[in-house]
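For reference, the structure discussed in these notes is given below.
The values are calculated or read from the model by the stated rules, or taken from the named source; none is laboratory data. All values reported here derive from a predicted model rather than from experimental measurement. Note: ideal-geometry Cβ built from the backbone for every residue, glycine included; neighbour counts use all protein chains shown.
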Amino acid sequence: MRSPLRRRSRSALLVTAVLGLTATGCTVGAGSPGLATGTNLPVVRSLHEALPQPIEDAGEIRFAGDSHPPYRTVAPDGTVTGIDADFQAAIGQVLGVRTRTVVVAGLPAALQGMQAGRYDAFNGPVKATAEREKQFDTITWMTTRTAYVFPADSTAGIARVEDLCGKRIAVVTASVVEEQLNKLSRFCTDSKRKATRTVGLDDTNATLLATRSGRADAAGMTEAAAIDVTQRQGGNKYVTQTEAQGATKDDLALYVPKSSGLGPVLQQVFEELFENGTYVGIMSRWGLTQVAVPKPVFNAATPR
């Protein structure tokens, strides 16, 4: 067992070693910039010293991440930008470690990879559920509804959510959006309309490509993603599923394997980001204040 004195000494050395990195933002993917808000956050040494030993030894937190704008946009050279990249940079600065995104193909690959020890965390967007919280700690940092994006020149006749009944909807397989689409389909059949038809794909980019190529009539995604797509890419519209149509306002969370011991540390990091204004800054930068939460919640889905 390490003595507390030796650990503090080793931690101080490591913090000193990474200060040069955090001065310009920690690494988030190859060649990516630091925190886009321009903030350089000081290392909180008590949080650095609370890191699990494997993370401290590696000096790095490995995040799994699929292509899912505006959370993560993966460039051809592997650079990752987006909300997730900003939060990772901030997390790395507070903890005095590097952060790195390993691009994966969807939620199942992220969850399985964390269980196998290949990745340390996954920042979603993924719903916090009591079942998953048996294996993962979750930190809820935003909330959202489900929206459906379609080309502005679509001939599918979509003007409101009810018009999606009987249509082909592309969604990321095993995502919270697929769950919401199933509820919309039940709304359709309960109201004597045709059920929706699910087109399951690996990531958000694939769902958008499916709508543009005519393989799907609309692409389901979080409302945050729909806002980004319509603002960043011209020629798109979206409709948002309501509670009457089966929608719920979902808690979206960062996932960390319980066995790693990293979850409680990251919860404290998020509390720091909320307190020092970094959270509000990042959410405002991406135009997502309407889906912000007042505070981060640890394991929100598990009854207390």
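Would you say ILE158 is in the same structural domain as ASP202 (by TED's automatic domain parsing) and either in contact with a strand residue (DSSP E or B) (Cβ under 7 Å, 6 or more places away or on another chain) or in a helix (DSSP H, G or I) (or both)?
In short, yes.
Could you look through region 176-196, keep only residues that are of a type outside the set (A, V, I, L, M) and part of a loop (DSSP other than H, G, I, E, B), and pick out the one that is surrounded by the most Cβ atoms within 10 Å (Cβ to Cβ)?
Across region 176-196, the extreme among qualifying residues is THR196.
For region 197-251, which residues satisfy the criterion of being in contact with a Leu (Cβ under 7 Å, 6 or more places away or on another chain), buried (at least 22 other Cβ atoms within 10 Å of the Cβ) and farther than 15 Å from ALA147 by Cβ?
Correct list: empty.
Got a sec? Which of ARG132, ARG72, ARG98 is surrounded by 23 or more Cβ atoms within 10 Å (Cβ to Cβ), touching a residue at least 12 places away in the same chain (Cβ under 8 Å) and outside the structural domain of VAL229 (by TED's automatic domain parsing)?
When all the criteria are applied, what remains is ARG72.
How many of the residues making up region 37-88 are within 20 Å of VAL280 (Cβ to Cβ) and assigned to a loop (DSSP other than H, G, I, E, B)?
Final tally of qualifying residues: 10.
What residue, among those in region 249-304 that are charged (D, E, K, R) and modelled with pLDDT of 95 or more, is nearest to GLU56 (Cα to Cα)?
LYS258
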